Amino acid sequence: MNPSHRILLTGASGALGYHLLHAMAAREDTSVLGLLRADSKTHGAFPNVDYCHIDFTGKESVARVVADFRPTCIVHSAASGLQFPRPQWFDLVRFNVEVSIGLCECAAATPGCHFVYISTGLGYRDQDRPLRESDPMDTLHPYGASKAAADLLVRSAAAEFNVPTTVIRPFSFTGPGDPPTRLFPALLRAAAERQAMDLSPGEQRRDHCATADIAAGIAAAVFAHPASPGEQRAFNLGSGDPITLRAMVESVASQLGLDVELNFGARAYAPHEPMHLVADITQAREVLGWRPKINLAYSVWELARATRPELKLKEPRRFL
């Protein structure tokens with residue numbers, strides 16, 4: 001049987017990619033080709049999934065792979081700059097902008113191909129309220145700016161060449177596979193090593209979800225409500241809960257019974273860090289039928305079970 005969905009997925013080696021593979025590979029009507037950078041490892045075998053290691057900067061070789069696979073949808077989730085230390089500024093921008101535009105061009109050359117670009121909520125201008133998809137993309141944060149630039153250019157190219165396009169703007173997320181330099185892996189490391197964790201004052205309002213929830217939202221955009229020819233749309237994916245970072249971290253630590261000293265205010269806020277980064281998820285809820293279901297602390301507990309089993313944490317409730 002020929003699959004009715006042929007999904008080309010970039011970023012298949014990352015945490016989000018892992019959950020997307022789970023969501024997509026379970027479908028008998030779907031075939032997935034995961035594109036990986038040369039130094040990336042796969043997550044193992046999945047039904048209906050093949051992998052291809054590729055140099056994303058080689059425009060012609062990428063175009064050949066796409067043409068041979070003939071995707072019905074390209075989901076571009078690969079990005080540069082999510083881990084510390086970040087790449088050099090210009091290298092980060094080159095990957096996040098040029099590779100995204102190149103893949104959009106491939107979608108334009110593939111009849112009936114839906115292009116799904118995974119952007120970021122970090123690209124918005126701080127509005128001191130939950131952010132809507134119509135709010136301006138305007139930030140000096142290096143990662144956020146590079147993704148915002150690609151976001152705008154992808155939508156412009158899609159309009160020019162009549163490519164059905166969905167832009168997904170996830171806010172912060174965590175779970176199994178989260179890189180070790182990010183917030184919750186660092187929190188678990190501090191607890192495992194019995195060291196205090198130095199944090200900013202924590203008064204910034206943040207929006208965190210389970211990675212599995214973000215993947216479910218992307219899958220809904222691909223399968224449950226696919227874009228029609230020439231249609232452009234954008235969806236925020238986040239909790240929609242404007243909690244302070246301090247309250248969120250303290251809540252997760254309490255639910256897990258995590259024994260760690262939290263030194264709020266021991267370091268300054270990061271340069272260009274927004275103070276109010278929270279999603280308005282009305283569009284995703286009304287159009288995609290999506291809302292977060294998994295308790296954030298449970299997602300951190302899953303991360304701990306995979307990476308820090310020696311911590312023996314309490315298992316919190318799974319669902320919100």
Among the polar types (S, T, N, Q) and buried (at least 18 other Cβ atoms within 10 Å of the Cβ): does that describe THR42? no
Would you mind stating whether PHE223 is of a type outside the set (Gly, Ala, Ser) and more than 19 Å from the chain's Cα centre (by Cα)? no
Flagged pairs (Cβ under 6 angstrom, 6 or more apart or on separate chains; first in the range 221-242, farther than 20 Å from SER77 by Cβ; second surrounded by fewer than 16 Cβ atoms within 10 Å (Cβ to Cβ)) are GLY230/ASN162
Might you let me know whether the range 289-302 holds any residue that is of a type in the set (Val, Ile, Thr) and under 28 Å from VAL75 (Cα atoms)? yes
Just checking, how many residues over the range 96-133 are part of a loop (DSSP other than H, G, I, E, B), among the small types (Gly, Ala, Ser) and over 20 Å from GLU160 (Cα atoms)? 0
Please tell me if VAL163 is in the same structural domain as PHE90 (by TED's automatic domain parsing), part of a loop (DSSP other than H, G, I, E, B), crowded, with 22+ Cβ neighbours inside 10 Å and in contact (Cβ under 8 Å) with a residue 12 or more places away in the chain. yes
From the list ALA108, ALA79, ALA63, which one is of a type in the set (A, V, I, L, M, F, W, C), out of contact with any strand residue (DSSP E or B) (no Cβ under 7 Å at 6 or more places or on another chain) and crowded, with 20+ Cβ neighbours inside 10 Å? ALA79
Exactly one condition in (1) under 19 Å from the mean Cα position of the chain (by Cα); (2) within 23 Å of ILE118 (Cβ to Cβ); (3) in a helix (DSSP H, G or I) is not met by GLU286; state its number. (1)
Please note which helices (runs of 4 or more DSSP H) are completely contained in the range 1-95 and include at least 1 residues that are farther than 28 Å from GLY144 by Cα and in contact (Cβ under 8 Å) with a residue 40 or more places away in the chain. 59-69
Of the criteria (1) surrounded by fewer than 20 Cβ atoms within 10 Å (Cβ to Cβ); (2) under 20 Å from the mean Cα position of the chain (by Cα), which one ILE74 fails: (1)
Selection within the range 288-320 - buried (at least 17 other Cβ atoms within 10 Å of the Cβ), more than 19 Å from HIS208 (Cβ to Cβ) and out of contact with any strand residue (DSSP E or B) (no Cβ under 8 Å at 6 or more places or on another chain): LEU311
Within the range 118-128, is even one residue in contact with a Phe, Trp or Tyr (Cβ under 8 Å, 6 or more places away or on another chain), buried (at least 23 other Cβ atoms within 10 Å of the Cβ) and modelled with pLDDT under 95? no
Assuming ARG285 fulfils every condition listed in (1) at pLDDT 95 or above; (2) crowded, with 18+ Cβ neighbours inside 10 Å apart from one, which condition is it? (2)
Name the residue that is modelled with the lowest pLDDT, counting only residues in the range 19-39 that are touching a Pro at 6+ places or on another chain (Cβ under 7 Å) and crowded, with 17+ Cβ neighbours inside 10 Å. ALA25
Is it true that some residue in the range 179-200 is of a type outside the set (Lys, Arg), touching a strand residue (DSSP E or B) at 6+ places or on another chain (Cβ under 8 Å) and within 30 Å of GLU231 (Cβ to Cβ)? no
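The values are calculated or read from the model by the stated rules, or taken from the named source; none is laboratory data. Since the structure is predicted, the reported quantities are computational estimates derived from the model, not experimental observations. Cβ atoms come from the backbone with ideal geometry, glycine included; neighbour counts cover every protein chain shown.
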